[in-house]
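Trainee: First the structure, then my questions, so here it is.
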Amino acid sequence: MNTGRDRDPGPPRPSEPVDPREIDRALARGAMQNRRLNKALDTVTRELERDPGALARVLRRWVNES
């Protein structure tokens, strides 16, 4: 059985240069997604504090629609 360990991997390939602006854009996208998720979780938390039965109703409706 050939596991690939007996092959010579050859010289390492040069990596492509990374654009620092692309890194900044990726970090900004991640931060935006994190802010949106935090806002959604805060909204859910406030709703549950105001109306504890809300989650049960939403889950029941979601299961019935599936």
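Just so it is clear, none of the values below were taken in a lab; they were calculated from the coordinates. Being a predicted model, the structure only gives us computed values, none of them experimental. Don't worry about glycine lacking a Cβ; one is built from the backbone with ideal geometry, like all the others, and counts go over all protein chains shown.
Trainee: Out of Leu55, Ser15, Leu37, whose Cα points farthest toward the positive end of the dipole of the chain (charges: +1 Lys, Arg; -1 Asp, Glu; placed on Cβ)?
Mentor: After comparing all options, I get Leu55.
Trainee: Where in the chain are there trypsin sites (Lys or Arg not before Pro) that are in a DSSP coil and have at most 13 other Cβ atoms within 10 angstrom of their Cβ?
Mentor: Arg5, Arg7
Trainee: Test of understanding: what is the full-extension gain from Ile23 to Asp8, defined as 0.36 nm times their sequence separation minus their Cα-Cα distance?
Mentor: Between Ile23 and Asp8, full extension yields 2.1 nm more.
Trainee: Sticking with this one: Of the labelled options (i) 1.51; (ii) 1.27; (iii) 2.24, which one gives Cα Rg over 2.2 N^0.38 Å as computed for this structure?
Mentor: Label (iii) holds the value from this structure.
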